[in-house]
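Report on the structure given below.
The values are calculated or read from the model by the stated rules, or taken from the named source; none is laboratory data. Given the structure is predicted, the values throughout are model-derived calculations rather than measurements. Because the Cβ atoms are built from the backbone with ideal geometry, glycine has one as well, and the counts that use them run over all protein chains shown.
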Amino acid sequence: MGNREDLLAGAKRCLYEKGYARTTARDIAAASGTSLAAIGYHFGSKEALLNAALVQAVQEWGDELGDALAAEGGAGGSAAERFESIWTTVVELFARHRQLWAANFEIFPHLERAPEMRRFFAEAAQLGRQGLVSLFQNVDMAAVDERTAQTLGSFYHALVLGVMAQHLIDPERAPSGRDLAEALRIITANRAPGR
């Protein structure tokens, strides 16, 4: 690995160990075995490096999710069974990567005062929406058009953020894959809970 890759690996390690807001440039340099100057040379700023590391870590989480689903046989079955199976796996991976999701929430207050950072994460979120549609609808990501990403992808993205927040706040009472599938069945059947 070169300095750039070392910096990304070190920044990801810091995101997991210290979070977004508490990570310093010195922390990243120490974790990556590089100099402070290397951060500026390769990324321009600590924030740009942490942003890139966070996006890469989330992409790796998505790859891990895809691998886990493939190992389960692709979460086949009906759409409802697939939804439940995927969410069960997502929830399991949330627990394993709790620090990553906490770091995601740490960036939100910074976005209001940093338009460049907001644009960066808006683009990353749009790719995430496409990826979520691909995952849940079992279609190739290239087949996901902009309108579908905006509607269905935004729905899945809202679910991910909401479920993630609940698991960070109260993991014991946060919804499981089964809970989410049951809620969706109730909503789509337009019936009262428990009937």
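Observations, loosely collected:
- Qualifying helices (runs of 4 or more DSSP H) (wholly inside segment 80-195; at least 1 residues being without any contact (Cβ under 8 Å) to a residue 60 or more places away in the chain and either crowded, with 17+ Cβ neighbours inside 10 Å or small (Gly, Ala, Ser) (or both)): 115-137, 154-169, 177-189
- Subset of segment 68-89 [under 20 Å from the mean Cα position of the chain (by Cα) and modelled with pLDDT of 85 or more]: 82, 83, 84, 85, 86, 87, 88, 89
- Of all residues in segment 2-20, those satisfying the criterion of being surrounded by fewer than 19 Cβ atoms within 10 Å (Cβ to Cβ) and either touching a residue at least 60 places away in the same chain (Cβ under 8 Å) or part of a helix (DSSP H, G or I) (or both) are 3, 4, 5, 6, 9, 13, 16, 17, 18, 19.
For (1) hydrophobic (A, V, I, L, M, F, W, C); (2) touching an Asp or Glu at 6+ places or on another chain (Cβ under 8 Å); (3) surrounded by 19 or more Cβ atoms within 10 Å (Cβ to Cβ), each residue gets a yes or a no:
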residue: 36; (1), (2), (3): yes, no, no
residue: 41; (1), (2), (3): no, no, no
residue: 60; (1), (2), (3): no, no, no
residue: 69; (1), (2), (3): yes, no, yes
residue: 72; (1), (2), (3): no, no, no
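- Scanning segment 21-41 for any residue that is in contact (Cβ under 8 Å) with a residue 24 or more places away in the chain, part of a loop (DSSP other than H, G, I, E, B), at negative phi and under 23 Å from the mean Cα position of the chain (by Cα) turns up at least one such residue.
- For residue 70, the requirement of being hydrophobic (A, V, I, L, M, F, W, C) and in contact with a helix residue (DSSP H, G or I) (Cβ under 7 Å, 6 or more places away or on another chain) is not met.
- Selection from segment 118-152 of residues that are under 17 Å from the mean Cα position of the chain (by Cα) and β-branched (Val, Ile, Thr): 133
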